[in-house]
Amino acid sequence: MKFYVLLFILSVIDSLSYATGHGIFTQSPTDSMARSVTLENGIFQADPTIFYDNGYYYLYGTNGDGDKQLGFKVYRSKDLKQWAGPIGAKAGFALVKEDVFGTKGFWAPQVWSEQGKFYMAYTADEQIAIAISDSPMGPFKQVIAKTLIDGGKQIDPYVFRDSDGKKYLFHVRLVEGNRIFVAELKDDYSGIKKETLKECLHAEKAWENTAGSTWSVSEGPTVVKQGNHYYMFYSANDFRNKDYAVGVAVADNVYGPWKKIETNPLLSQHTSGFAGTGHGDLFQKGQQWYYICHTHYSDTQVAPRRTAIVPIDLASDRQSDIAIPKFDSSKFRLLELVNKSDEPIDVAFGDPFILYDQPTDLYYLYGTGGTENGFIAYSSKDLRHWKEAGKVYDGKQAKGWGVKDFWAPEVYAINNKYYMYYSAHWKENPGNKLENYRIGVAVADSPLGPFIDLTGKPLFDPGYPIIDANVFRDVDNRNYLFYSRCCYEHPVASEIADWAKSKWGYNAIEESWVYGIELDSSMQHVIGKPVLLIRPPARMSDAQSEWESRSVSSGEINRRWTEGSFLIHAKGQYYMMYSANYFAGANYAVGYATAKSPLGSYEKSQTNPIIEKNTDRGGIVSGTGHNSIFRDREGKLRCVYHGRTTKTGDKRMVFIRDIDFSQNNQLRVLTD
């Protein structure tokens with residue numbers, strides 16, 4: 001557990017009075033510095049903390065927007081420069097108030113990992129609590145909503161693990177001011193050992209209370225051990241004060257006595273160039289230490305507070321054997337949000353599928369659109385630059401069975417041949433059905449075709465319309481076909497259907513379901529009967545019902561989907577990804593379920609949805625879905641899906657992103 005890569009938490013104390021005298025609002029000599037910079041695409045997280053895991057830096061803090069009472073968002077970066085998000089498991093949030101203790105005032109989170117779990121200590125309702133998750137993106141939850149400490153008001157938790165393995169909670173108590181205390185934690189995080197509680201320090205220096213307030217403030221402790229000494233970074237003054245600043249105290253024992261460095265404050269508006277600089281967290285990138293903190297929005301406006309970062313030297317400047325931390329204020333900078341999930345490749349396809357072909361050492365991209373009565377393809381050497389390769393399948397051929405709506409092609413290289421599985425509207429339609437879709441297979445000698453239908457009919461006829469073929473060969477060489485039964489003429493009773501019919505006046509709610517069936521060795525004939533694998537939830541209380549029912553609950557349409565399934569085998573289990581909601585709407589999104597065998601039974605992930613729109617949190621992408629997964633030239637798993645952007649309008653554009661797995665084997669699509 002990386003407690004030395006300190007994840008820092010601080011608080012916002014809106015209930016405290018703020019003195020306006022003593023020249024606090026007068027301009028300092030450095031006001032002409034970076035304060036003049038206003039980054040509208042900045043990150044607005046106060047009391048920020050950074051946690052490193054599996055190649056990514058995760059940023060949490062007190063929300064600076066209208067969502068501040070809802071929980072904690074999370075942002076992510078590989079290099080501390082380009083940040084994406086929010087990317088939390090619940091619409092950008094890593095923690096939401098419905099899952100934990102607290103109703104308001106969600107402040108100052110800290111995150112760390114221990115034995116494959118992720119922990120978040122935080123403040124809510126001026127109390128401290130700890131929640132647990134399987135992923136740094138959440139959702140962080142409590143089995144029983146409860147606080148860590150009984151009685152009184154406490155904020156700004158910071159969990160520190162000493163070199164002897166003991167755990168301590170540094171925190172702020174609201175007793176005759178904001179005062180910093182420490183107590184040993186119980187090993188299971190169920191509470192503190194009350195007999196060990198001791199005050200560390202409080203504001204008493206002139207710089208710590210420039211307003212002369214009767215309620216002095218010292219808060220936001222973060223502690224690191226260097227050699228035989230403990231260093232506590234803390235902030236002083238009310239957070240609304242321009243003189244909000246950072247000091248350091250040193251001790252030889254975790255309980256003190258703590259001696260404040262005489263040259264405090266070490267970071268303030270006079271060194272950073274920004275009013276209200278403070279409430280930060282220490283962490284390392286390689287050998288370099290950094291301090292993440294917040295500033296006021298501008299010289300005349302406190303909120304929303306901006307997130308900033310500055311390098312810090314913890315070793316070179318010493319007085320005797322005590323290091324004097326030195327902030328490199330010349331490199332103090334505000335963080336900017338650069339959301340790469342807003343960047344598709346320049347190909348307009350729905351339902352995209354990518355094949356890496358080793359004989360030609362090229363990538364081939366197939367999808368819905370770009371031509372009539374068939375499919376075109378694109379080729380690429382690097383997954384960034386794509387060249388249209390022309391029509392690779394034409395439905396107007398001798399044994400073609402489809403007449404329109406050619407959708408969702410997938411191409412597989414098997415035994416020196418290329419097999420294309422696709423959906424189309426079957427010409428044999430004695431009942432004149434509006435949706436008479438089936439799945440077929442065509443074969444070619446090249447990934448660029450021409451793909452030829454061999455039988456003049458669909459792969460099989462289950463007696464209802466089906467789309468979205470996905471083929472999977474298991475480790476035992478058995479083959480499977482997965483598909484989606486269409487919503488058409490498939491009304492389903494459920495609590496959600498009853499609610500939607502009452503709310504919107506629908507006569508019925510139709511559903512599409514995902515099925516699986518075995519294929520023979522020729523890959524052209526089915527074996528046995530289809531097995532139902534995934535369907536929309538029936539009950540309102542189901543954790544998946546909210547995101548899977550957005551098209552119905554919003555009154556967009558009277559249908560609920562599970563479609564676009566795609567199966568992979570990894571981490572000793574089977575992952576089936578699927579899309580839900582209306583493909584032509586903004587709410588189209590992707591989730592996944594896991595099983596021990598290809599034909600189930602499947603359990604949906606609590607982290608769903610893992611791909612969804614970001615327009616409700618400042619992005620430009622919506623309608624994300626119908627994904628597939630491929631291995632690139634180096635064998636790395638990648639995810640390809642379509643989405644719409646505010647720049648491209650109704651056109652479905654192709655997005656390619658990395659995927660990985662958390663320590664608990666949760667599938668993640670890295671949409672930044």
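Which semi-axis lengths, in whole Å and largest first, follow from the square roots of five times the eigenvalues of the Cα gyration tensor of the stretch 389-627?
Equivalent-ellipsoid dimensions as semi-axes: 30, 21, 18 Å.
Taking the beta-carbon count within 10 Å as an exposure proxy, list MET653, MET577, MET540 from fewest neighbours to most.
Details: MET653 23, MET577 28, MET540 14.
Going from sparsest to densest Cβ surroundings: MET540, MET653, MET577.
Can you compute the charge dipole magnitude of the chain about its Cα centre, using +1 on each Lys and Arg Cβ and -1 on each Asp and Glu Cβ, nothing else charged? Give it in debye, rounded to the nearest 20. Spell out each step's value before the answer.
Details: 75 positive and 79 negative charges, 76 e Å.
Computed charge dipole of the chain: roughly 360 debye.
Most exposed first by the Cβ proxy, i.e. fewest other Cβ within 10 Å, how do PHE274, PHE332 rank?
With the sparsest Cβ surroundings first, the list reads PHE332, PHE274.
Using just the C-alpha positions of the stretch 101-199 as equal point scatterers, what log10 of I(q)/I(0) does the Debye formula give at each q in 0.22 1/Å?
Each listed q corresponds, in turn, to -1.22.
Quick check: Cα centre of the stretch 120-170 to Cα centre of the stretch 439-472, how many Å?
54 Å
Using helices alone, I'd like the mean residue ellipticity at 222 nm for the chain: each DSSP H run of four-plus residues gives -39500 (n - 2.57), total over residue count, nearest 500.
-500 deg cm²/dmol
In whole Å, what is the distance between the alpha-carbon centres of the stretch 227-280 and the stretch 288-364?
Spelled out, the Cα-based centre of one part sits 24 Å from the other.
D for the stretch 43-338, whole µm²/s, Stokes-Einstein with Kirkwood Rh over alpha-carbon pairs at 37 °C and 0.692 mPa s: what number?
In µm²/s, the coefficient is 173.
Could you list which residues have their amide H under 5 Å from that of CYS486, counting only those 5 or more apart in sequence or on another chain, with H placed in the peptide plane?
ILE466, ILE467
For a quick check: with amide H placed at 1.01 Å from N, whose amide H comes under 5 Å from LEU335's, ignoring anything fewer than 5 positions away on the same chain?
The list, which skips near neighbours in sequence, is ILE43, THR307, ALA308, ILE309.
Please give every one of the lysines within straight-line cross-link reach of LYS167, meaning a C-alpha to C-alpha distance under 16 Å, and leave out same-chain neighbours fewer than 8 residues apart.
Straight-line reach from LYS167, under 16 Å: LYS2, LYS186, LYS193, LYS194, LYS198, LYS225.
Give the relative contact order (percent, whole number) for the stretch 389-627; include only Cα pairs under 8 Å separated by 6+ residues. Before the final figure, lay out the partial values.
Details: 586 pairs, mean separation 29.5, N = 239.
Relative contact order here is 12 percent.
If you rank LEU533, LEU362 by fewest surrounding Cβ atoms within 10 Å, what's the result?
The order, fewest Cβ neighbours first, is LEU362, LEU533.
Just add up the charged neighbours of ILE527: K/R +1, D/E -1, any other residue whose Cβ is under 13 Å from the Cβ of ILE527.
0
Could you tell me the relative contact order of the chain? Use alpha-carbon pairs under 8 Å, at least six residues apart, and round to a whole percent.
RCO, the chain: 9 percent.
Where nothing but the Cβ of Lys and Arg (+1) and of Asp and Glu (-1) is charged, how large is the charge dipole of the stretch 43-338 around its Cα centre, in debye to the nearest 20?
Dipole about the Cα centre, nearest 20: 380 debye.
Suppose we keep just the DSSP beta bridges with both residues in the stretch 389-627; what percent of those would be antiparallel, to 5?
Beta bridges within the stretch 389-627, antiparallel portion: roughly 95 percent.
Check cross-link reach from LYS141 to the aspartates and glutamates: straight Cα distance under 15 Å, and skip same-chain residues fewer than eight apart.
GLU98, ASP99
Using the Cβ atoms and a cut-off under 9 Å, what net charge is assigned to the surroundings of PRO325, where Lys and Arg are +1 and Asp and Glu are -1? Walk me through the numbers on the way to the answer.
On the way: positive: LYS326; negative: ASP313, ASP317.
The answer is -1.
May I ask which of LYS404/LYS596; LYS331/LYS651; LYS97/LYS166; LYS260/LYS285 have a Cα-Cα span longer than 32 Å here?
Those over the limit are LYS404/LYS596; LYS331/LYS651.
Based on Cβ point charges of +1 for Lys and Arg and -1 for Asp and Glu, what charge dipole magnitude is obtained for the stretch 389-627 about its Cα centre, in debye rounded to the nearest 20?
160 debye
Rule-based calculations on the coordinates, nothing more; no lab input. Since this is a predicted model, take the numbers as computed values, not measurements. Here the Cβ is made from the backbone with ideal geometry for all residues, glycine too, and neighbour counts use every protein chain on show.
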